[in-house]
Amino acid sequence: MVIHVPNDRSLRIMITGGNGFVGRYLIEALSHSAPDAILYTNRIEITDPAVVSQAVIDFQPDACIHLAGITSIGEARQNPDLAWNVNLHGTLNIGRAILQWAPACRLIYASTAEAWGTSFRQGTPVDENVPLAPANTYAASKAAADLALGAMAEEGLQVIRFRPFNHTGPGQDIKFVVPAFASQIIQIERGLQPPVIYVGNLSAERDFLDVRDVVSAYVQATLLGDTIKPGTIVPLCSGQTRSISSILNELILLSGVTARIEVDKERLRPIDIPVATGSARLAHSTLGWAPTIPWTTTLSDILQYFRTLDK
């Protein structure tokens, strides 16, 4: 979905994490939906409050889309101090600087559905009213920042808190499950890896989105979110769960390779939620948002991305 805004005034949009996987898609989407917007995409050391404040003072954003953070469960587990410093304290620095120096700025915060954690075990789709119960360091650090921003909304921070479910697409790091499978499949296709695909837990069921659908929601909230109450929590999901095994099987089918599946203990998580499902009712009603990219297209595009590497 492309949204065009009036060009009588150039919006000033600050983006943290613009060089990351989601950030690159976001910048491309904004270039189509708000071609006259002035984007601030310089890398900011968000753990340094003075640096963050100076950036906000200098740029005076109308909106800030905060994507920067430790995004991997494994990386957060290996370096918990870094995860807490970046995901919680870095986010607090962003929120405080905006509240003090650009209070009219709308903050779009990319939280995570992982923050619901063990609440998924209730067996029904979670929504914005379900309590957070994070089950790993990554989720806990993001949940803490999410809750802190909610409190700051009561002090005047114009924040919208998105909790997206798993999202993937071309260019995602192979430490995430879909590109991890796809990269191995293409290596097998090229004859560079024996016909064995190494996997973790295949029985888990997750709701997956295309990254391009996720950034569409961020763009809509950035450009049209002035009618959304500050502090609002917006889950983003398709409403359909897929087992990890079904995703692997579909990738294999799309590629045409033949391979044996082997469990790698290093890829298994200490704690795993069997099924994670949610409701995006609020995103539909407030933003008119719904996923538009077919799942098969997402998988095909990821496979094609790995085919184009090193050529």
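Here, each number is a calculation from the coordinates, and none is a lab measurement. Given the structure is predicted, the values throughout are model-derived calculations rather than measurements. Glycine gets a Cβ as well: all are built from the backbone with ideal geometry, and neighbour counts include every protein chain shown.
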Practice task
Take the Cβ-Cβ distance between ARG260 and GLN240 as r, set R0 to 41 Å, and report the resulting FRET efficiency rounded to the nearest 0.05.
Solution key: 0.90
Handout entry: R0 of 30 Å, Cβ-Cβ distance LEU268-ASN129: FRET efficiency to nearest 0.05
Key = 0.40
Exercise for the section: Considering only ASN249, ASN136, ASN93, give the residue with the highest GNM mean-square fluctuation for the chain, with springs between Cα atoms whenever their separation is below 10 Å. Expected result: ASN249
Handout entry: the range 206-311 - Rg over Rh from alpha carbon coordinates, Kirkwood radius
Key = 1.05
Problem - the range 66-173: proportion of alpha-carbon pairs further apart than 24 angstrom, % - result: 25
Fill in the blank from the handout: GNM of the chain, Cα pairs under 10 angstrom: of GLY256, GLY169, GLY20, the biggest fluctuation goes to GLY256
Fill in the blank from the handout: Largest first and rounded to whole Å, the semi-axes √(5λ) derived from the alpha carbon gyration tensor of the range 132-210 read 37, 14, 10
Handout entry: For the chain, share of DSSP beta bridges that run antiparallel, in % to the nearest 5
Key = 10
Fill in the blank from the handout: Final fewest-first order of LYS142, LYS265 on the 10 Å Cβ neighbour count is LYS265, LYS142
Practice task
Would you count, across the chain, every pair of lysines whose alpha carbons are under 23 angstrom apart, provided the pair is eight or more residues apart or spans two chains?
Solution key: 4
Fill in the blank from the handout: Per principal axis, largest first, the Cα atoms of the range 167-268 extend in Å by 54, 25, 23
Practice task
Measure nothing fancy, just the Cα-based angle from helix 91-101's long axis to the longest principal axis of the chain, in degrees from 0 to 90, nearest 10.
Solution key: 20
Problem - Rg/Rg_globular for the range 33-107, with Rg_globular taken as 2.2 N^0.38 Å and Rg from C-alpha atoms - result: 1.18
Practice task
Report, to the nearest 10°, how far helix 244-255 tilts away from the longest principal axis of the Cα atoms in the chain, using its own Cα long axis and a range of 0 to 90°.
Solution key: 70
Exercise for the section: Please arrange TRP289, TRP101, TRP116 by counting, for each residue, the other beta carbons lying within 10 Å of its beta carbon, fewest first. Expected result: TRP101, TRP289, TRP116
Handout entry: Degrees separating the helix 49-59 axis from the principal Cα axis of the chain, which is the longest one
Key = 70
Fill in the blank from the handout: In Å, the C-alpha Rg and Dmax of the range 1-127 are 16.2, 49
Handout entry: Translational D in µm²/s for the chain (Stokes-Einstein at 20 °C, 1.002 mPa s, Kirkwood Rh from C-alpha pairs)
Key = 107
